[in-house]
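A.B. asks: I'd like to ask some things about the structure below.
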Amino acid sequence: MKLCVIGLGYIGLPTAIMFAKHGVEVHGVDINPDVVTKLLDGRIHIEEPGLQEMLEEVIQSKQLSFGVMPEQADAFIISVPTPINEDKTANVDYVIDATNSIVPFLKKGDLIILESTVPPRTIEDVVIPILEETKFDIGKELFVSHSPERVLPGQLLVELVQNDRIVGGINQESSERTAELYKRFVNGNIHITDATTAEMVKLMENTYRDVNIAFANEMAKIAERVGFNVWEAIDLANCHPRVNIHKPGPGVGGHCIAVDPWFIYESAPSLANLIHISRTTNDEMPNFVVSQMKQLLPTEGKNTKKVAVLGLAFKGNIDDMRESPAVEIVHQLQSHYDLQIFDPHVKEYILGKKDTLADAIEGADAILILTDHNEFKQIDPKKLTSLARGALVFDTRRVVNHKTWTEAGFLYHVLGQPLISPANLRSGYIEAVR
Ligand code: SAJ
């Protein structure tokens, strides 16, 4: 059995390495020659726990080769990106290019699997027409399926093996051949369906999460207006056995949940109302955070006050800033405050980014927490009081402990609790915060 994997990013590379580890001869292909050179040198180009070690292990066994061109094989896995266009439609050009690239290498009996996240009907309307150019009888001489990736970065090697897998073939034989291949390392259940359903399953999972988070974000805004703490309310509601409300926050980032709902939307815009309003609700959260920050710390002139911003990554404990709401918030706040930014994971240079937490806090009038990194949960607020100029902390993700920060003398405000409520006015909270 020989496998050719097209696209060696966050999904393709671990998949190629995993198959090689399980006795399949694998040829990995990437159009970027730098990626191929690095891999041929035995070094991975992405950050993922355990992957470097696994690559070194399989390189020894000579089961794995890399190149910029595909080779003949018995099965092909396409795992290339599907970016989003300015108008929020999916860009499937890489899927088209990857499919075209394997056409000259296909032979009778080959299996083609698309793993990229794609809009519904991509297999039927985009991939199959390209494969038909081969003159092979599709479904009898060439077998085709969609098996979407659903693994969480940071836990790829565990989730690749343990998660259930969806396999959507264009016919039963395509599905069975695909399931047979993945059984080499997948311990979870393998569920067989048709190609379009498989495409939708992947999109629905991420859209469910987006809609649920939008509901939590809407509740956070209502909480501030009505006068209750949304975090406590959600915790209590989730005690019910059939309720699972996600967490509010400064917005939804990453290249999956902030993107995939649009792929459903483009397939039926007039019907996808809930999806559209949820996406918009989450996209507006950075504006909400900025307007709250301005209420909490009014500026008397441009950049007269200093704000320490903690976190740039789109979620905790990763270095990825794609679609990060924190980046949008920083961008907007820059014209109002002098920002001192700290993120222990992000390596990229950003204006105002500091190397240490202490440098970011030094002289700050307020602390704004945007990402739920573990390092922030572990901060001892007592060590910060002498560094900061002001004692206000605005926590957009309920990262730090309200009690310890208040005891250390900070005025703690979490997103989703009333800012201007009769109770706060009575207690002098607003005046104190200012
Ligand atoms: N977020 C919230 N509130 C929550 C949960 C998340 O505001 O309660 C935010 C995060 O902070 C982040 C964004 O949503 O900004 C997305 O984070 P995430 O952890 O929900 O998801 P991703 O994008 O890292 O990974 C998702 C996963 N999908 C599901 O859990 C259904 C993963 O399994 C998929 O493989 C991945 O998308 C993908 O590649 O599609």
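A.B. asks: Work from the charge dipole of the chain (Cβ charges, +1 for Lys and Arg, -1 for Asp and Glu, about the Cα centre) and give the residue of Leu274, Thr371, Ile11 farthest towards its positive end.
C.D. replies: Thr371
A.B. asks: If each of Arg184 and Glu141 carries a label point 7 Å out from its Cα toward its Cβ, how far apart are those two points in nm?
C.D. replies: Result for the modelled spin labels: 2.5 nm.
A.B. asks: Still on this model: What FRET efficiency comes out for the pair Arg225/Asp74, r = Cβ-Cβ distance, R0 = 51 Å, nearest 0.05? Numbers along the way, then the final one.
C.D. replies: On the way: r = 61 Å, r/R0 = 1.19.
After rounding, the FRET efficiency stands at 0.25.
A.B. asks: Restricting the count to DSSP beta bridges whose residues both fall in the chain, what percent are antiparallel, rounded to a multiple of 5?
C.D. replies: The antiparallel proportion sits near 5 percent.
A.B. asks: Also, I was wondering about something else. Work out how much length Val158 to Ser291 would gain on full extension: take 0.36 nm times their residue separation and subtract the Cα-Cα distance, in nm to one decimal.
C.D. replies: The Val158-Ser291 span can extend by a further 43.8 nm.
A.B. asks: What relative contact order, as a whole-number percentage, does segment 146-297 give when Cα pairs under 8 Å and 6 or more residues apart are counted?
C.D. replies: 21 percent
A.B. asks: How would you order 28-35, 246-253 from highest to lowest mean count of nearby Cβ atoms within 10 Å?
C.D. replies: Output ranking for 28-35, 246-253: 246-253, 28-35.
A.B. asks: With every protein chain present, what is the per residue accessible area of the chain (1.4 Å probe, Å²)?
C.D. replies: 45 Å²
A.B. asks: Further question: Placing +1 at every Lys and Arg Cβ and -1 at every Asp and Glu Cβ, with all other atoms neutral, what dipole size does segment 25-127 have around its Cα centre, in debye to the nearest 20?
C.D. replies: For this selection, approximately 280 debye.
A.B. asks: Using a Gaussian network for the chain with springs between C-alpha atoms less than 10 Å apart, which of these wobbles most: Glu300, Glu173, Glu224?
C.D. replies: Maximum among the listed residues: Glu300.
A.B. asks: What spacing in nm lies between the two simple spin-label points modelled at Ser386 and Glu86, each 7 Å away from Cα in the Cβ direction?
C.D. replies: Modelled inter-label distance: 5.3 nm.
A.B. asks: Starting with the highest mean, order 12-23, 107-118 by the number of other Cβ atoms within 10 Å, averaged over the residues of each peptide. Don't skip to the end; give the middle numbers.
C.D. replies: Working: 12-23: 23.2, 107-118: 21.3.
Going by the mean number of other Cβ atoms within 10 Å, highest first, we get 12-23, 107-118.
A.B. asks: Can you list the DSSP H helices in the chain whose Cα atoms extend at least 18 Å along the helix axis and whose mean Kyte-Doolittle hydropathy is -1.0 or higher?
C.D. replies: Within the chain the helices that satisfy the rule are 195-226.
A.B. asks: Computing the accessible area with a 1.4 Å probe over protein heavy atoms, can you report the carbon and sulfur percentage for segment 291-389?
C.D. replies: Details: 2210 of 4610 Å².
On segment 291-389, the fraction of accessible area on carbon and sulfur atoms equals 48 percent.
A.B. asks: Turning to a different aspect of this structure: So what is the calculated 222 nm ellipticity per residue for the chain, using -39500 (n - 2.57) for each DSSP H run with n of 4 or more, over all residues, to the nearest 500 deg cm²/dmol?
C.D. replies: Per the formula, -11000 deg cm²/dmol.
A.B. asks: Roughly what would the spin-label model give for Lys403 and Glu133, points 7 Å off Cα along C-beta, in nm?
C.D. replies: If labels sit at Lys403 and Glu133, their model points lie 6.6 nm apart.
A.B. asks: I would also like to ask the following. Roughly speaking, what is the stretch gain from Gln334 to Asp359, that is 0.36 nm per residue apart minus the C-alpha to C-alpha distance, in nm to one decimal?
C.D. replies: In short, 7.2 nm is gained.
A.B. asks: Setting aside same-chain residues fewer than 8 positions from Lys107, which lysines have a Cα under 21 Å from its Cα?
C.D. replies: Lys2, Lys135, Lys140
A.B. asks: Please say if the chain is rounded, prolate or oblate, where rounded means a/c under 1.5 for a ≥ b ≥ c the square roots of the C-alpha gyration tensor eigenvalues, and otherwise the choice is prolate for a/b larger than b/c and oblate otherwise?
C.D. replies: In terms of gyration-tensor shape, prolate.
A.B. asks: For the peptides 359-372, 89-102, what is the packing order when you average, over each peptide's residues, the other Cβ atoms within 10 Å and list the highest mean first?
C.D. replies: Per-residue mean Cβ counts within 10 Å order the peptides as 359-372, 89-102.
A.B. asks: Separate question: Which three lengths, in whole Å and largest first, does segment 195-302 cover when its Cα atoms are put on their principal axes?
C.D. replies: Result for segment 195-302: principal-axis Cα extents of 57, 40, 24 Å.
A.B. asks: Quick one: putting +1 on the C-beta of Lys and Arg, -1 on the C-beta of Asp and Glu, what dipole do you get for the chain around its Cα centre, in Debye to the nearest 20?
C.D. replies: In debye, rounded to 20, the chain gives about 1380.
The values are calculated or read from the model by the stated rules, or taken from the named source; none is laboratory data. Since the model is a prediction, treat every value here as computed from it, not as a measurement. Every residue, glycine as well, gets a Cβ built from its backbone with ideal geometry; the counts of neighbours run over all protein chains shown. To get the accessible areas, we keep the full protein, side chains included, count just its heavy atoms, and leave off ligands, DNA and RNA. Shrake-Rupley method; radii C 1.70, N 1.55, O 1.52, S 1.80 Å.
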